[in-house]
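The structure is given below, and queries will be raised subsequently.
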Amino acid sequence: MAGAGISTPSGIPDFRSPGSGLYSNLEQYDIPYPEAIFELGYFFVNPKPFFTLAKELYPGNYRPNSAHYFLRLLHDKGLLLRLYTQNIDGLERVAGIPPDRLVEAHGTFATATCTVCQRNFPGEDFRGDVMGDRIPRCPVCTGVVKPDIVFFGEQLPQRFLLHLTDFPMADLLFVIGTSLEVEPFASLAGAVRSSVPRVLINRELVGPFAWQQRHNDVAQLGDVVGGVEKLVELLGWNEEMQTLIQKEKEKLDAKDK
């Protein structure tokens, strides 16, 4: 399970943090409160603030860090059953984790849906519009096209239901960089069998690690990337990790040229 704490080291701004460039960009829209960006009622009246955020987070602006590549390494070694992420920045995909190993609980920019005729599109189709500060429109019915990010009150993606079979099967749970405050995602931390160790890598104790500890819980508190790197070292995977990061960096450099 992963949250915003794995993405802030990549420079992803929090739209709620006064002082961040993104927060200032959004101020010009006079939003009643920051969360309104993710409310459908507000979106239909004024989609501009959401697309300002979308422009910032659209795949290609940021790069994965060691935390993402650690999860990719777990996949490469055949150890990753599934990665449940709350993040909408798509950095798990950029790090090379295949979509079938991912549950993007709060949605993704990789796909988009027309709010009127419900047709589905690849998110990439609308990159030009979003980057050019234009509201994306459906080529068929001209309705506003919304990336498949989960707004307040919307159903989570169908794939989220995989947790019903994934969590009882897991033999180890990593919880990395999340406050475990947003439901129903947060409850997943309690969904593994009681014999299964849960490892928290986070700034502080959160959720059941704070108020319902199990005897086999492990917590590595402090800087998230530092915590992941410490684990990689204990596993003896330093060299593989460096090779993977270098190889992926070269791929992304070539793509950016």
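So that you can scan it fast, the table gives a plain yes or no per residue for (1) more than 22 Å from the chain's Cα centre (by Cα); (2) open to solvent by 40 Å² or more (accessible area, probe 1.4 Å):
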{"site": "76", "(1), (2)": "no, yes"}
{"site": "88", "(1), (2)": "no, no"}
{"site": "95", "(1), (2)": "no, no"}
{"site": "102", "(1), (2)": "no, no"}
{"site": "113", "(1), (2)": "no, no"}
{"site": "123", "(1), (2)": "no, no"}
{"site": "137", "(1), (2)": "yes, yes"}
{"site": "141", "(1), (2)": "yes, yes"}
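Evaluate the following for residue 26: is it at pLDDT below 95, in contact with a helix residue (DSSP H, G or I) (Cβ under 8 Å, 6 or more places away or on another chain) and not in a loop (DSSP other than H, G, I, E, B)? Even if it seems obvious, please write down each step before you answer.
On the way: at pLDDT below 95: yes; in contact with a helix residue (DSSP H, G or I) (Cβ under 8 Å, 6 or more places away or on another chain): yes; not in a loop (DSSP other than H, G, I, E, B): yes.
Judged against the criteria, residue 26 is a match.
Could you go through the range 174-197 and let me know if any residue there is hydroxyl-bearing (Ser, Thr, Tyr), outside any helix (DSSP H, G or I) and farther than 23 Å from residue 72 by Cα.
In the first step, residues of the range 174-197 are kept if they are hydroxyl-bearing (Ser, Thr, Tyr); the result is 178-179, 187, 194-195.
Next, from what is left, pick out any that are outside any helix (DSSP H, G or I): 178-179, 194-195.
From what's left, farther than 23 Å from residue 72 by Cα: 194-195.
Checking the range 174-197: at least one residue is hydroxyl-bearing (Ser, Thr, Tyr), outside any helix (DSSP H, G or I) and farther than 23 Å from residue 72 by Cα.
For the range 147-170, indicate whether the set of residues that are in a loop (DSSP other than H, G, I, E, B), open to solvent by 80 Å² or more (accessible area, probe 1.4 Å), touching a residue at least 60 places away in the same chain (Cβ under 8 Å) and under 20 Å from residue 68 (Cα atoms) is non-empty. Break it down stepwise before answering.
Applying the first criterion (in a loop (DSSP other than H, G, I, E, B)) to the range 147-170 yields 150-157, 170.
Applying the additional criterion that residues be open to solvent by 80 Å² or more (accessible area, probe 1.4 Å) yields 152-153, 155.
Okay, now just the ones that are also touching a residue at least 60 places away in the same chain (Cβ under 8 Å), so 152-153.
So of that shortlist, the ones also under 20 Å from residue 68 (Cα atoms) come out as none.
Within the range 147-170 (the criterion being in a loop (DSSP other than H, G, I, E, B), open to solvent by 80 Å² or more (accessible area, probe 1.4 Å), touching a residue at least 60 places away in the same chain (Cβ under 8 Å) and under 20 Å from residue 68 (Cα atoms)), the answer is no, since none of the residues qualifies.
Can you spot a residue in the range 202-221 that is within 19 Å of residue 77 (Cβ to Cβ) and either in contact (Cβ under 8 Å) with a residue 12 or more places away in the chain or open to solvent by 30 Å² or more (accessible area, probe 1.4 Å) (or both)? Step through it out loud before you land on a result.
Initial filter on the range 202-221 (within 19 Å of residue 77 (Cβ to Cβ)): none.
Checked against the condition, which is being within 19 Å of residue 77 (Cβ to Cβ) and either in contact (Cβ under 8 Å) with a residue 12 or more places away in the chain or open to solvent by 30 Å² or more (accessible area, probe 1.4 Å) (or both), the range 202-221 yields no hits at all.
Anything in the range 34-55 that is over 19 Å from residue 154 (Cα atoms) and either modelled with pLDDT of 95 or more or open to solvent by 50 Å² or more (accessible area, probe 1.4 Å) (or both)? List them, or say none. Walk me through it before giving the result.
We begin by selecting, within the range 34-55, every residue over 19 Å from residue 154 (Cα atoms); these are 48, 52, 55.
The answer is 48, 55.
The values are calculated or read from the model by the stated rules, or taken from the named source; none is laboratory data. The structure displayed is predicted, hence computed values, not measured ones. We place every Cβ from the backbone using ideal geometry, glycine too, and count neighbours over all the protein chains shown. Only protein heavy atoms, including side chains, enter the accessible area calculation; ligands, DNA and RNA are left aside. Shrake-Rupley method; radii C 1.70, N 1.55, O 1.52, S 1.80 Å.
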